[in-house]
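S.K.: So that we are looking at the same thing, I have put the structure below in structure tokens.
The values are calculated or read from the model by the stated rules, or taken from the named source; none is laboratory data. Quantities reported herein were computed from a predicted structural model and do not represent experimental measurements. Cβ atoms come from the backbone with ideal geometry, glycine included; neighbour counts cover every protein chain shown. Side chains are part of the model used for accessible areas, which takes the heavy atoms of the whole protein and leaves out ligands, DNA and RNA. Shrake-Rupley method; radii C 1.70, N 1.55, O 1.52, S 1.80 Å.
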Amino acid sequence: MKTIKVSVVTPDGPVYESDVEMVSVKAESGELGILPGHIPMVAPLQISAVRLKNGGKTEFVAVSGGLLEVRPEQVSILAQAAEVSEDIDVERALKAKERAEQRLREQKQDNIDFRRAELALQRAINRINVAGK
Ligand code: ATP
């Protein structure tokens, strides 16, 4: 089966690099499946799981949003933070989730920190989900 090179990169360095048969992402506009030969494109991603399929095996990477770039020979995902499922510290994510929920309970909806807490909660839930895959 044909494969395409995929890399997931953060400001701290590369998190994932491999040749895969298919990449599935959650763009802002909805789910996208990318196979070798896909047309070039750029799309912003949701806080979500990236699914990488190869040789009957599926790997998962949690991304905190970011940008997907599809080029003829390579798919690149640039994100502020990203973790492969095995590297996720579930205890830490559970604590982050509790902190965010506490902040959301305390704050008024018009507070600018409310949005920040919502995003922190989404990141934590995403990490917990991806770690369980
Ligand atoms: P926390 O409050 O626990 O720091 P956060 O969502 O604010 O969570 P980020 O700012 O998204 O954290 O990430 C900061 C750095 O910590 C990134 O390098 C990210 O990959 C890493 N990181 C955050 N949470 C986890 C986790 N649960 N397991 C592994 N790495 C994590």
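S.K.: Being touching a helix residue (DSSP H, G or I) at 6+ places or on another chain (Cβ under 7 Å) and closer than 14 Å to A27 by Cα is the filter here, so list the residues in region 45-91 that pass it.
M.R.: Hits for region 45-91 are I47, S48, A49, A62, S64.
S.K.: In addition: Name the residues in region 72-84 that are more than 10 Å from the ligand (Cβ to nearest atom) and of a type outside the set (A, V, I, L, M, F, W, C), would you?
M.R.: Those that are more than 10 Å from the ligand (Cβ to nearest atom) and of a type outside the set (A, V, I, L, M, F, W, C): P72, E73, Q74, S76.
S.K.: Right, next: Among the residues of region 8-27, what is the count of those that are open to solvent by 10 Å² or more (accessible area, probe 1.4 Å), in contact (Cβ under 8 Å) with a residue 12 or more places away in the chain and in a strand (DSSP E or B)?
M.R.: Of the residues in region 8-27, 10 are open to solvent by 10 Å² or more (accessible area, probe 1.4 Å), in contact (Cβ under 8 Å) with a residue 12 or more places away in the chain and in a strand (DSSP E or B).
S.K.: May I ask you to list the residues in region 69-80 that are modelled with pLDDT of 95 or more and either among the basic types (K, R) or over 10 Å from the mean Cα position of the chain (by Cα) (or both)?
M.R.: E69, V70, R71, Q74, V75, S76
S.K.: Continuing with this model, one more query. From the list S76, S64, which residue is open to solvent by less than 70 Å² (accessible area, probe 1.4 Å), out of contact with any Asp or Glu (no Cβ under 8 Å at 6 or more places or on another chain) and not charged (D, E, K, R)?
M.R.: It is S64.
S.K.: Continuing with the same structure: Failed condition for T58, given (1) open to solvent by less than 40 Å² (accessible area, probe 1.4 Å); (2) in a strand (DSSP E or B), with all others met?
M.R.: (1)
S.K.: Would you say R127 is of a type in the set (K, R), in contact with a helix residue (DSSP H, G or I) (Cβ under 8 Å, 6 or more places away or on another chain), near the ligand (Cβ under 9 Å from one of its atoms) and open to solvent by 90 Å² or more (accessible area, probe 1.4 Å)?
M.R.: In short, no.
S.K.: While we're looking at this one, here's another question. Do we have any residue at all in region 28-43 that's within 26 Å of L121 (Cβ to Cβ), crowded, with 19+ Cβ neighbours inside 10 Å and in contact (Cβ under 8 Å) with a residue 24 or more places away in the chain?
M.R.: Within region 28-43, none of the residues are within 26 Å of L121 (Cβ to Cβ), crowded, with 19+ Cβ neighbours inside 10 Å and in contact (Cβ under 8 Å) with a residue 24 or more places away in the chain.
S.K.: Only residues that are near the ligand (Cβ under 10 Å from one of its atoms) and under 11 Å from I125 (Cα atoms): list them for region 96-105, please.
M.R.: A96, K97, A100, listed by residue number.
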